[in-house]
Each structure stands twice: as C-alpha cells, then as structure tokens.
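Novice: Sharing a structure below in structure tokens format, with a few things to ask.
The values are calculated or read from the model by the stated rules, or taken from the named source; none is laboratory data. All figures in this text were calculated on a predicted structure; none of them were measured in a lab. Glycine gets a Cβ as well: all are built from the backbone with ideal geometry, and neighbour counts include every protein chain shown. These area figures cover heavy atoms from the full protein model, side chains too; ligands, DNA and RNA do not enter into them. Shrake-Rupley method; radii C 1.70, N 1.55, O 1.52, S 1.80 Å.
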Amino acid sequence: MFYLIMTLILGACAGFAGRKLKVLSHTGKAVSVTVLAMLFFLGVETGSDEQVLENFSALGLQALILALSGIAGSVVFAAVLYRILFRNRKERSRS
Amino acid sequence: MKGTVLTVSVFLLGCAAGWSGLADMEIFGEAGDDVTIYLLYLLMFLVGISVGANPNLKKILGSVSPKILLLPVTTVLGTLAFSALASLLVSGCGLADSLAIGSGMGYYSLSSVLIGQLKEASAGAQLAAELGTIALLTNIFREMFTLVGAPLLCRWFGPFAPIASAGATAFDVCLPVIVRYSGDAMLPYAIVSGVVCDMSVPFLVSFFCSF
C-alpha cells in the first residue's frame, strides 16, 4: 500500500518534470492497455482458483446480491452528494 | 459501451484461459504469481505521469477541500443502508451479517478473514467459514464490477460513482479506471475516499460482527 502510493508520487514527479514532452500526452492510452492486461491476469487467477469456482455456485448468488446492493447504495448516495457539491461549485465560480 | 464490452471480454478471456490451463502462471514461478502486482505498480506509475503532466494540475490541487471527506462518508453510509435492505433478500445471513459483509467495502482479503475469525466463536466454524466466503466473493465482485462498469457508472451517475463503487479499492486496484473515466481531477477524491474507506473496514466489520 505504502509502496503503491510512493510509485504514484514518483510517477507524478516524473510526469511533472517531463510535462513539456509530447509523448506524455499518450499516457492515457498506455493506462488503458495496462488496465486490460491486468484484467486478463485477474481473470486467469480467478479461473484457475478451484476454491473460488467451487464456492461460486453455492454462495455466489448471495454474494452477488450483497455486492450489487453495496454498489447501488454507495453510487446513489455519492451521485446525490455530487449534485450538491457540483451546484455549490458552480455558484461559487459565478460570484 | 465499447469500453465496457472490451473489458468484460478481456476478463472472461482471462477466466477461460486460467480455467482451461492454457495460461499456466506456474511456469513463470513466483514472477507468474505476482504479475498482477507488477502491472498494478506500472499502472500507478503511468497514472502518476498522466497526473503530473496534466496542464490543469494547479487547478486540480486547488480544488481540494475538507468537503472531500464527505465522499467516503456517503460511500460508507450508502453501502450500509443498501446492505441492510439486501439482508431481506439473502436467506443465509441476518441484518448484522449483511452489514458486516457490506462494510468490507471491496477490501476482500481483510474483510473475509476478519468475518471468518470473529464469527467463529459466536456462530460456529462452519457458518463462520460460509460467511467469510460470502464476504470474499461479495467484495471481489464489488471490485470487479467497478473495474468493468466504471465507464457506465460514470456516464449514468457522474464522476463520483466509480469512486463510491470502488470503496476501499479506489486508491489501488480501481484507481486507474477511475482516473481514466472520471478524469484526472477526481484523483484526490479517489485517494482520500479509498484511504478513509480502507481504514473504516476493520472497525465496521468488527463492530457488526459483535452482534
């Protein structure tokens, strides 16, 4: 966790130092490709983990309901919060 | 939409490759086990670069305010509220169990171990193991749905939605997709929200396990 944040900060410093370089405007594409690679390997790990696959059918449905509820609740609450924050910011920039 | 279909297919392709044994990571020894971690580090570095090189960096940093803390608080409250409702649908676990599982916030390794341990004394070994497994799957699903659904969540519910959905994973595994779809300006929100949610997990899980 600590090293991840350090890597992020290191990247930010590198990006800031080289912000004039044109190459860096393509970083977004590199991020997308790496995300896809990571998803693929996460899939490989999930698919080859027999314990996860075995338990999947038995407890998967309950987990699915709970996961979707957690996501739905947090997303709905956060969307409301965003509306309020966003409106405030607009008002502030107008004044 | 194209992005979502692509992400789902790549993930399923990986599942199929792992299940069929076509992609056997054991060949590469320990390096094969850790390949996702290395990729995560690479991602963090790339995300760092894209933020550091962002011409609007000053504006982004200027927008950081204590109000940012409201995001993790609403994320946790929303998760708990809907997890409570979900306990009506799930036959296996009661209200407190649902809340304990929900407050894993996507942090599946910690929440499943905690629930498995803490419930053993009160609920017995078998039920505790079951609840631990449900917690594991629930929070893995949460992380995966966020990775896969981030573009849609962002379009339908605004840039906060992927951060809320990611919960505790907003500042590690899910950070790259959040920055990709919600924008660089959401990076401080994602980090603060992820860290606060992450810290809330051990407290909330132990609290709800005590009932």
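Novice: From B:V173, B:V177, which residue is in a loop (DSSP other than H, G, I, E, B) and either under 21 Å from A:F40 (Cα atoms) or touching a Pro at 6+ places or on another chain (Cβ under 9 Å) (or both)?
Specialist: Working: B:V177 fails: in a loop (DSSP other than H, G, I, E, B).
Going through B:V173, B:V177 in turn, the sole match is B:V173.
Novice: Output the number of residues of region B:54-72 satisfying the condition of being at pLDDT below 85 and within 10 Å of another protein chain (Cβ to nearest Cβ).
Specialist: Number satisfying all stated conditions: 5.
Novice: Is it the case, given these coordinates, that A:L85 is part of a helix (DSSP H, G or I), at the interface with another protein chain (Cβ under 7 Å from one of its Cβ atoms) and either over 20 Å from B:A150 (Cβ atoms) or β-branched (V, I, T) (or both)? Walk me through how you get there before you give the answer.
Specialist: Values: part of a helix (DSSP H, G or I): yes; at the interface with another protein chain (Cβ under 7 Å from one of its Cβ atoms): yes; either over 20 Å from B:A150 (Cβ atoms) or β-branched (V, I, T) (or both): no.
The answer is no for A:L85.
Novice: Next up: Of all residues in region B:73-95, which are surrounded by fewer than 17 Cβ atoms within 10 Å (Cβ to Cβ), more than 7 Å from chain A (Cβ to nearest Cβ) and closer than 18 Å to B:V201 by Cβ?
Specialist: Selection gives B:V73, B:A84.
Novice: Filtering region B:96-109 down to residues that are closer than 20 Å to B:T169 by Cα and not hydrophobic (A, V, I, L, M, F, W, C), which residue is surrounded by the fewest Cβ atoms within 10 Å (Cβ to Cβ)?
Specialist: Of region B:96-109, the ones closer than 20 Å to B:T169 by Cα are B:98-109.
Filter again for not hydrophobic (A, V, I, L, M, F, W, C), leaving B:98, B:102-104, B:106-109.
Numbers: B:S98: 30, B:G102: 33, B:S103: 31, B:G104: 32, B:G106: 32, B:Y107: 25, B:Y108: 20, B:S109: 11.
Across region B:96-109, the extreme among qualifying residues is B:S109.
Novice: When region B:133-161 is examined, which residues are found to be open to solvent by 10 Å² or more (accessible area, probe 1.4 Å), among the small types (G, A, S) and on the phi < 0 side of the Ramachandran plot?
Specialist: Answer for region B:133-161, where residues must be open to solvent by 10 Å² or more (accessible area, probe 1.4 Å), among the small types (G, A, S) and on the phi < 0 side of the Ramachandran plot: just B:G149.
Novice: Now, a different point. Working only within region B:172-196, note down all residues that are within 10 Å of the chain's Cα centre (by Cα), of a type outside the set (G, A, S) and open to solvent by less than 10 Å² (accessible area, probe 1.4 Å). Give the derivation first.
Specialist: Within region B:172-196, the subset within 10 Å of the chain's Cα centre (by Cα) is B:172-175, B:194.
From the residues that got through so far, the ones that are of a type outside the set (G, A, S) too are B:172-175.
Selection gives B:C174, B:L175.
Novice: Against the definition (touching a Gly at 6+ places or on another chain (Cβ under 8 Å) and open to solvent by 40 Å² or more (accessible area, probe 1.4 Å)), how does B:E120 come out, yes or no?
Specialist: Numbers: touching a Gly at 6+ places or on another chain (Cβ under 8 Å): no; open to solvent by 40 Å² or more (accessible area, probe 1.4 Å): yes.
No: the conditions fail for B:E120.
Novice: Give the residues of region A:13-40 that are open to solvent by less than 30 Å² (accessible area, probe 1.4 Å), in a helix (DSSP H, G or I) and at pLDDT 85 or above, sorted by residue number.
Specialist: Step one: filter region A:13-40 for residues open to solvent by less than 30 Å² (accessible area, probe 1.4 Å), giving A:15, A:18, A:27-28, A:31, A:34-35, A:38-39.
Still in the running and in a helix (DSSP H, G or I): A:15, A:27-28, A:31, A:34-35, A:38-39.
Of everything in region A:13-40, just one residue is open to solvent by less than 30 Å² (accessible area, probe 1.4 Å), in a helix (DSSP H, G or I) and at pLDDT 85 or above, namely A:G15.
Novice: Please report, ordered by residue number, the helices (runs of 4 or more DSSP H) entirely within region B:34-125 with at least 2 residues that are in contact with a helix residue (DSSP H, G or I) (Cβ under 6 Å, 6 or more places away or on another chain). Please lay out each step first, then the result.
Specialist: Numbers: elements: B:35-52, B:57-62, B:70-86, B:95-102, B:108-123.
Helices (runs of 4 or more DSSP H) meeting the threshold: B:35-52, B:70-86, B:95-102, B:108-123.
Novice: Among the residues of region A:1-12, write down those that are at the interface with chain B (Cβ under 8 Å from one of its Cβ atoms) and part of a helix (DSSP H, G or I). Working first, answer last.
Specialist: Going through region A:1-12, the residues at the interface with chain B (Cβ under 8 Å from one of its Cβ atoms) turn out to be A:1, A:3-5, A:7-12.
Once the filter is applied, which keeps residues that are at the interface with chain B (Cβ under 8 Å from one of its Cβ atoms) and part of a helix (DSSP H, G or I), region A:1-12 yields A:Y3, A:L4, A:I5, A:T7, A:L8, A:I9, A:L10, A:G11, A:A12.
Novice: Next question. With the requirement that a residue be more than 20 Å from the chain's Cα centre (by Cα) and either at positive phi or more than 7 Å from chain B (Cβ to nearest Cβ) (or both), what does region A:57-78 give you?
Specialist: A:S57, A:A58, A:L61
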